[in-house]
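In what follows, a single structure is set out as structure tokens and then discussed.
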2 protein chains.
Amino acid sequence: MSIIGAVDIGGTKISVAMVSPEGELLAKAEGPTAPERGFDDGMARIRAMLEETAAQAGGSFAGLGIGCTGRHDVLNGSLGDVGAFLPGWDGAPIARLLSEAFGVTAVLENDCDAAALGEVAWGAGRGAQKFIYITVSTGIGGGLVFDGQLYRGVGGAHPEIGHHVIDPGGEKCFCGAHGCWESFASGPAMARWWQARYPEPWDAGQICRAAAAGDERAKEAVEREARYLGIGLANLITLYAPDCIALGGGVMRSLDLFLPTIRSVIQQQAGLVPHHKVRLVPARYGTEAVLMGAAKAWMLRYGQKGIA
Amino acid sequence: MSIIGAVDIGGTKISVAMVSPEGELLAKAEGPTAPERGFDDGMARIRAMLEETAAQAGGSFAGLGIGCTGRHDVLNGSLGDVGAFLPGWDGAPIARLLSEAFGVTAVLENDCDAAALGEVAWGAGRGAQKFIYITVSTGIGGGLVFDGQLYRGVGGAHPEIGHHVIDPGGEKCFCGAHGCWESFASGPAMARWWQARYPEPWDAGQICRAAAAGDERAKEAVEREARYLGIGLANLITLYAPDCIALGGGVMRSLDLFLPTIRSVIQQQAGLVPHHKVRLVPARYGTEAVLMGAAKAWMLRYGQKGIA
């Protein structure tokens, strides 16, 4: 059996895993991103975790997939403008460096794109032809997999689903737009709305737990969140007519609370496309989503010729 | 040379043409849709126009492409729910009927999808890999051509680009949504805004001509229209990261008036995707757009094996 190595580089932690071609997680390690320790130190830790997990999984790996937050040059495997959370890593040819270190081919993907590939290969999106993965946590991100392949825009660009505008009268987002979907419906947006009204400094998870326990104020916050989630999801259905949307990320752990309103908004707003044919499902993978999908990304690009 | 027949069925007129495989319009005929005369009468007129134009173009045709407003079952060539403007035509297996009448293969596409295929084959979108065609007239429609193929959603569904919501506080549209793009930025939306303020019963074309002649009130209407066109176009750039968007339809004949504001909205709103790589161009074809694209649709589906 040929094992695939996987790396997930996030703002707070770096995870590494070994994944089988059938989608089993064979070994995993993680540590803090600790960007203040610099790029070389980070790469040394990634290499050490790869060696450690490979040893646990029985030896070597045939290829390497890397998922990282941000917008990258995925065609040549170089990081994009990631300086805001990984100062000093901007533009690093990370796929080439790890490829040379281990003597295997390596691919880099945006983390949401990787997660989308993992869900469609082995998770909630299995069998879908027009698949959308959405993660709602500190932001809203997504990935599109059409007929088994990642959708890439001009020059390989990653579409920014979370930043389409749903109300230009809304707050300004870091993306430059006023009233993008993320600015209304991310976890922090839910918390901001709450904290502008009530004394408890609750985050989205605490609000959802209070709503589930019957708190009327929290139920109103959940209703508002569900409505904005619904508006964005209905737009995606209108614009892509997908057969499946999988919902991941911390906020979506409370999907059951949001689902009735989400469905009602979709029914009202996406009436010209066959919205009743769209499966709306929770994502299968939690913190392993990017690792699984990074492995799958490698398989899609090099799996035929790359597996020894 | 093998000629392709093309039919464009709209709410007010039916056009028929003969198109060469290189995209030359060889002959054309048109007449009123006259839906009150019924389906059989309409089909008889279409057949007669096909015979007439085929004779003008030198004889017979090798295949047939049909474009029609609405949402159809394009996989089997049957019209969808078109009763609102073509009573009695709902569900008609129009591709099969014309195929049998002329002994050639026939395909049916949504009219915007057909126009998109024509523009990418021989028009403004030539060479584009991720191409979007938009028409702004009585409504806003569009078609997506990715890597040379029409994008189709679940069950072959046509995405309804014009009906994604850009402000849920907006007017209710026939589609069921409040504040979809079409409700803000179609020609009639521009006229409604004008007529709610000023005594002249002008339509979008008249407002644009007045603005071009220096009328300050009309310039404000144009500015508002351009802003809403920009918000929707910026969303499409954020969501698809295309390399080219071609703009057709009556309102877009005044594209030059709108373009500076459209570009400024895109720059502000679509900052996370490489919007400077997106070519924003006027469509090449006017009233022939659907005919050209219907012919291309047939070539894509049957061109290899179907041309005698």
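Remarks
- Check on residue B:272, within 14 Å of chain A (Cβ to nearest Cβ) and in a loop (DSSP other than H, G, I, E, B): yes
- Qualifying positions in segment B:103-127 - under 20 Å from residue B:279 (Cβ atoms) and either surrounded by fewer than 23 Cβ atoms within 10 Å (Cβ to Cβ) or of a type in the set (Phe, Trp, Tyr) (or both): B:121, B:122, B:124, B:126, B:127
- Single residue of segment B:150-168 satisfying the filter (within 7 Å of chain A (Cβ to nearest Cβ), touching a residue at least 60 places away in the same chain (Cβ under 8 Å) and among the hydrophobic types (A, V, I, L, M, F, W, C)) that is farthest from residue B:245 (Cα to Cα): B:157
- Entry remark, segment A:275-287: residues being farther than 22 Å from residue B:70 by Cβ and either at pLDDT 95 or above or part of a helix (DSSP H, G or I) (or both) number 7 in total.
- Residue A:174 part of a helix (DSSP H, G or I), of a type in the set (Phe, Trp, Tyr) and more than 7 Å from chain B (Cβ to nearest Cβ): no
- Segment B:46-80: number of residues that are farther than 17 Å from residue B:33 by Cβ and free of Cβ contacts under 8 Å to residues at least 60 places away in the same chain: 14
- Residues satisfying the stated conditions in segment A:267-281, i.e. under 13 Å from residue A:233 (Cα atoms) and either in contact with a strand residue (DSSP E or B) (Cβ under 8 Å, 6 or more places away or on another chain) or among the basic types (Lys, Arg) (or both): A:269, A:278, A:279, A:280, A:281
- In segment A:210-246, the residues that are free of Cβ contacts under 8 Å to residues at least 40 places away in the same chain and not aliphatic (A, V, I, L, M): A:214, A:215, A:216, A:217, A:219, A:220, A:223, A:224, A:227, A:230, A:238
- Verdict on residue A:31 being under 18 Å from residue A:299 (Cβ atoms) and at pLDDT 95 or above: no
- From the options B:301, B:217, B:253, residue that is under 19 Å from the mean Cα position of the chain (by Cα) and surrounded by fewer than 24 Cβ atoms within 10 Å (Cβ to Cβ): B:253
- All of (1) without any contact (Cβ under 8 Å) to a residue 24 or more places away in the chain; (2) surrounded by fewer than 24 Cβ atoms within 10 Å (Cβ to Cβ); (3) at negative phi; (4) within 13 Å of chain B (Cβ to nearest Cβ) hold for residue A:147 with one exception: (3).
- Residue match in segment A:181-195 (condition: over 24 Å from residue B:264 (Cα atoms), of a type in the set (Ser, Thr, Tyr), modelled with pLDDT of 95 or more and surrounded by 18 or more Cβ atoms within 10 Å (Cβ to Cβ)): yes
- Residue in segment B:259-274 that is buried (at least 17 other Cβ atoms within 10 Å of the Cβ), small (Gly, Ala, Ser) and within 23 Å of residue A:71 (Cα to Cα) present: yes
- Note on segment B:6-42: among residues that are among the polar types (S, T, N, Q) and surrounded by 14 or more Cβ atoms within 10 Å (Cβ to Cβ), the one that is farthest from residue B:71 (Cα to Cα) is B:20.
- Residue match in segment A:247-267 (condition: within 14 Å of another protein chain (Cβ to nearest Cβ), modelled with pLDDT of 95 or more, in contact with a helix residue (DSSP H, G or I) (Cβ under 7 Å, 6 or more places away or on another chain) and assigned to a loop (DSSP other than H, G, I, E, B)): no
- When residue B:30 is tested against (1) touching a Phe, Trp or Tyr at 6+ places or on another chain (Cβ under 9 Å); (2) among the charged types (D, E, K, R); (3) closer than 21 Å to residue B:135 by Cβ, only condition (1) is not met.
- Of all residues in segment A:177-213, those satisfying the criterion of being within 14 Å of chain B (Cβ to nearest Cβ) and hydrophobic (A, V, I, L, M, F, W, C) are A:177, A:180, A:181, A:184, A:185.
- Scope segment B:275-293; condition within 22 Å of the chain's Cα centre (by Cα), of a type in the set (D, E, K, R) and surrounded by fewer than 17 Cβ atoms within 10 Å (Cβ to Cβ); matching residues: B:279
- Comparison of A:136, A:120 shows that the only residue that is of a type in the set (Val, Ile, Thr) and either closer than 21 Å to residue A:23 by Cβ or within 14 Å of chain B (Cβ to nearest Cβ) (or both) is A:120.
- For segment A:56-76, the tally of residues that are crowded, with 17+ Cβ neighbours inside 10 Å, within 21 Å of the chain's Cα centre (by Cα) and either at pLDDT 95 or above or not in a loop (DSSP other than H, G, I, E, B) (or both) stands at 5.
- In this structure, residue A:131 does satisfy being within 14 Å of chain B (Cβ to nearest Cβ) and either buried (at least 24 other Cβ atoms within 10 Å of the Cβ) or out of contact with any Lys or Arg (no Cβ under 6 Å at 6 or more places or on another chain) (or both).
- Residue ID - nearest to the other protein chains (Cβ to nearest Cβ), chosen from residues in segment A:234-246 that are assigned to a loop (DSSP other than H, G, I, E, B) and surrounded by 24 or more Cβ atoms within 10 Å (Cβ to Cβ): A:241
- In segment B:262-276, the residues that are within 16 Å of residue A:167 (Cβ to Cβ) and assigned by TED's automatic domain parsing to the domain that holds residue B:252 form Cβ pairs under 7 Å with partners that are surrounded by fewer than 22 Cβ atoms within 10 Å (Cβ to Cβ) and not charged (D, E, K, R), at six or more places apart or across chains, as follows: B:268/A:176; B:269/A:176.
- Selection count where residues are assigned to a helix (DSSP H, G or I) and in contact with a strand residue (DSSP E or B) (Cβ under 7 Å, 6 or more places away or on another chain), scope segment B:94-110: 5
- Condition check for residue B:231: modelled with pLDDT of 95 or more, within 12 Å of chain A (Cβ to nearest Cβ) and part of a helix (DSSP H, G or I): yes
The values are calculated or read from the model by the stated rules, or taken from the named source; none is laboratory data. Quick caveat: nothing in here was measured; it's all calculated off a predicted structure. Please note: Cβ atoms are built from the backbone with ideal geometry, for glycine as well, and neighbour counts cover all protein chains shown.
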